[in-house]
1. Considering (1) closer than 25 Å to ASP198 by Cβ; (2) modelled with pLDDT of 95 or more, say which one GLN64 fails and leave the rest.
2. SER110 is checked against (1) farther than 20 Å from ALA23 by Cα; (2) surrounded by fewer than 17 Cβ atoms within 10 Å (Cβ to Cβ) and fails just one. What number does that condition carry?
3. Could you list all residues from the stretch 114-166 that are β-branched (Val, Ile, Thr) and without any contact (Cβ under 8 Å) to a residue 24 or more places away in the chain?
4. Only one of these is more than 30 Å from LEU297 (Cβ to Cβ), part of a helix (DSSP H, G or I), at pLDDT 85 or above and within 40 Å of the chain's Cα centre (by Cα): GLU444, GLU455. Name it.
5. Looking only at the stretch 68-84, count how many residues are under 22 Å from VAL102 (Cα atoms) and either touching a Gly at 6+ places or on another chain (Cβ under 7 Å) or modelled with pLDDT under 95 (or both).
6. If you go through the stretch 68-86 one residue at a time, how many are touching a residue at least 24 places away in the same chain (Cβ under 8 Å) and surrounded by fewer than 19 Cβ atoms within 10 Å (Cβ to Cβ)?
7. Could you list, in sequence order, the residues of the stretch 151-177 that are closer than 30 Å to SER72 by Cα and either in a strand (DSSP E or B) or among the hydroxyl-bearing types (Ser, Thr, Tyr) (or both)?
Amino acid sequence: MAIYHCSIKIISRGNGKSAVAAAAYRSGEKITNEWDGMIHDYTRKRGIVHSEILLPSNAPTDFQDRGTLWNSVEQIEKACNSQLARELEVALPIELSREEQVRLVRAYCSSQFVSRGMCADFNIHDTGSGNPHAHILLTMRPMDAHGKWLPKSRKEYVLDENGERIRLSSGRYKTRKVDLVDWNGQENAEVWRKVWADLANEFLEQNNRPERIDHRSYERQGIDQIPTVHIGVAASQMEEKGISTERGELNRSIKAANRLLRDIKAQIGKLKEWLLDVFKAKESLRTEPPQPKSPNLSTLLFRYLDIQKAKSRKYSQSWQQQHTADELRAISKAVNLLSEKGIYTLEELDTVLSAVHDKASKIRSGMKPREARIRQLQKLIEQAQNLRETQPIHDEYKQIRWKGKQEKFAEAHRADLAIWDAANRYLRANLPDMKLTPKAWQTELAALTTENEVEYTKLKAQREEVAELQKVRRYVDVALKADAPQKTKTKHHDIDR
């Protein structure tokens, strides 16, 4: 079914990334990066079903060539940590045809990005695995009326309360960076995510599809469900080969818990509706002459047993005995359950159902922080391992004193150095003291996983309890319906008399 996914990230030279490499990979083309001379050849990549470049009216027409566009971006950016491009990755509704998917992405790019002066390079990937998605690469610099790149920002002096420039201890004046366009505003992320959901839903509606997506988190939507985690390319490939991964196992446990939660809520909802109908029927009887006191649930269950015995008389003696024994065991189990829970009336059943719902919700709430911590621990363990494995390469790189030799070494080990940099940045952001304790993390991860399994068992018990109460509903329904005609007949007889 249609799912919501819209991630936004920056492709930065400081992270060892290249706009040309990103464009070549996403389009399946061979492009040479004129900034560093590297050739990026992804012509053997499969699953690319559509590629397109959309330009604002003031952009040079030769930017329709992917290599020209992104090499222009690489050349205008001089710093070693320059932000080169912004990328959005969106999941496409599988309910739409390929043509409609292309129209959807084109409309989204045109309305949100190209209209504001960005160049948009989008590619649709679909390997046939049920996960069609689009990669949208966006330029980050504005252009003038003649298609020349403009600065992203400018510096301005910071003034004091008297309007005077503030001098620093170094003798320089204090300045700050001012963006010349609002494309980097934090509020854009929420707008772009919402517009994608709204536009996708509009296309689904136009194609007479009932499915809808929502950009809000489950918590913001008021849905008692735990989101799954993004397992990444490497883990996805391993899972496709039948190799289990930690993130894959976590996703499977989350999905199983979500199914249990949905099932419990659905079953309780049905029972609540049934009880409401029964209560309404009882209320309507209050306007009639006084009725005998309603039997309790145990009486109704044994009334059901009598009805089943009467129905079985037309069958053989041996079948009757077996059927009666089976029904007696089922009713005894139901009576014991009601007795254990202190349920003797329909009103008490309604109260217990509310308690079961609250208990399931409490279990779900307890699972949320555990799932979040499990995700964090998995990421810490992964990045610590990446740092350890690439540390020798980084150390060797730092020890090289000749600039030319260092650059050549960096080129030969670009991937390892990028992995080290990403791991180092993540760990420093999450561990200011950089104290790596992978063994302790593994121990905590194992403990949390075990706790999760215990909570899942509790959820299963809640579902089984609701399933048994559904059986009670069936028994009570049979008993009530069997007695209803008799009451009607008696009432008519009284009227005739």
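The values are calculated or read from the model by the stated rules, or taken from the named source; none is laboratory data. Here the structure is a predicted model, which is why all the values come from computation and not from measurement. Positions of Cβ are backbone-derived with ideal geometry, glycine not excepted, and every protein chain shown enters the neighbour counts.
1. (1)
2. Among (1) farther than 20 Å from ALA23 by Cα; (2) surrounded by fewer than 17 Cβ atoms within 10 Å (Cβ to Cβ), SER110 violates only (1).
3. Within the stretch 114-166, VAL158, ILE166 meet the criteria.
4. GLU444
5. Counting residues in the stretch 68-84 that are under 22 Å from VAL102 (Cα atoms) and either touching a Gly at 6+ places or on another chain (Cβ under 7 Å) or modelled with pLDDT under 95 (or both) gives 0.
6. 6
7. Once the filter is applied, which keeps residues that are closer than 30 Å to SER72 by Cα and either in a strand (DSSP E or B) or among the hydroxyl-bearing types (Ser, Thr, Tyr) (or both), the stretch 151-177 yields SER153, ARG154, LYS155, GLU156, THR175, ARG176, LYS177.
Each row is one residue, and each column tells you yes or no for (1) of a type outside the set (Asp, Glu); (2) under 30 Å from ASN15 (Cα atoms); (3) in contact (Cβ under 8 Å) with a residue 40 or more places away in the chain; (4) in contact with a Gly (Cβ under 9 Å, 6 or more places away or on another chain).
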{"position": "ILE343", "(1), (2), (3), (4)": "yes, no, yes, no"}
{"position": "VAL356", "(1), (2), (3), (4)": "yes, no, yes, no"}
{"position": "ALA360", "(1), (2), (3), (4)": "yes, no, yes, no"}
{"position": "ILE381", "(1), (2), (3), (4)": "yes, yes, yes, no"}
{"position": "GLU389", "(1), (2), (3), (4)": "no, yes, no, no"}
{"position": "TYR397", "(1), (2), (3), (4)": "yes, yes, no, no"}
{"position": "ARG401", "(1), (2), (3), (4)": "yes, yes, no, no"}
